[in-house]
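What follows is one structure encoded as structure tokens, with my remarks underneath.
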Amino acid sequence: MSDELIIFEFLEYDNEINTERKQRRRFIREQSDPFSLEDTEFIRRYRLSKELVINLCAELQPMIKKPTKSTDLSIETKVLTALSFYATGSYQRPIGDITAHSMAQQTVSAVIAEVTRCIDTPAMRRKYISFPNSLEERNKVRTRFYQKFNFPGILGCIDCTQVAIIRPSQNEERFYCRKHYHSLNVQLICDADMNITSVDASYGGATHDSFIWNVHPLKLFLENLDETTWLLGKN
């Protein structure tokens, strides 16, 4: 048997193995439908309700690559895989091992990147993250806080959280936080219904919470308002 024939047969066999593997993974995904989970378990895994995930899939559908082959991932599977990663903070291998999304690690990485690019757009941020700039909007937020918690004049709750990142190649010291890992120190503000109204992810984990707030444009904006209002935060 010639070397060329041996190589050809090996490549053909390898292609068959890859095809069978993709089909097997697709079968596992189809038999393990995440939407069949109990509502509480679904929210525990993905941090969103089924209804919200369905709405998110519909909104991202025009931006996500559509499946063209039977072995391609559905939009729902892609979105759920990314949400699972966001929810747990786990790296690629644990997510790829989840039965509901059984897929190769390389595929998981590509899926997370694709969905993240679709979500992290100026249009999406403007639509879903908006601080109450008008008096009418601010009054609605303050009224809601009073109705739910009996706190008057509250415009939001503010805090910072450390979001782990891969060790950066430059200015490493700016990202090494007090918890002894590399991170971004992300400032968040939310309303009484836990809707995020402001996000600032501009600073490394070594930056103190107070510094981020003191240089944030919202601080000056609120100080210049002729209103009695507060943000609630820990000291």
Leu37-Arg126 pseudo-label distance in nm [points 7 Å out on the Cα-to-Cβ vector]: 3.4 nm
Taking R0 as 41 Å, what's the FRET efficiency between Ile166 and Ala58 from their Cβ-Cβ distance, rounded to 0.05? 0.80
Based only on Cα atoms, what Rg/Rh ratio does the stretch 59-184 have, Rh being taken as Kirkwood's radius? 1.08
Rounded to two decimals, the Rg over Rh value of the stretch 129-232 from Cα coordinates and the Kirkwood Rh reads 1.06
Figure the gain on full extension for Glu51 and Val199 (residue separation times 0.36 nm, minus the Cα-Cα span) and round it to one decimal in nm. 50.8 nm
Note down the net charge around Gly205, summing +1 for each Lys or Arg and -1 for each Asp or Glu among other residues with Cβ under 13 Å from its Cβ. +1
Which residues qualify? For Ile165, with a placed amide H closer than 5 Å and at least 5 residues away or on another chain, they are His182, Ser183, Leu184
In what sequence, highest mean first, do 210-223, 148-161 appear when ranked by Cβ atoms within 10 angstrom? 148-161, 210-223
Students often get this wrong, so check it: of Lys127/Lys148; Lys140/Lys234; Lys140/Lys179, which have C-alpha atoms separated by over 28 Å? Lys140/Lys179
Can you run phi through the Karplus equation (6.51, -1.76, 1.60; θ = phi - 60°) for the stretch 138-153 and list ³J(HN,Hα) in whole Hz, with x for Gly and Pro? 5, 5, 5, 5, 5, 4, 5, 4, 5, 5, 7, 10, 6, 9, x, x
A chain fully extended from Lys148 to Ala113 at 0.36 nm per residue, minus the present Cα-Cα distance, gains in nm 8.8 nm
If the chain between Ser70 and Asp159 were fully extended at 0.36 nm per residue, the gain over the current Cα-Cα distance would be 27.5 nm
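Every number in this text was worked out from the coordinates using simple rules, so none of it is lab data. Quick caveat, the model's predicted, so the values are computed rather than measured. As a convention, Cβ positions derive from the backbone with ideal geometry for all residues, glycine included, and neighbour counts pool all protein chains shown.
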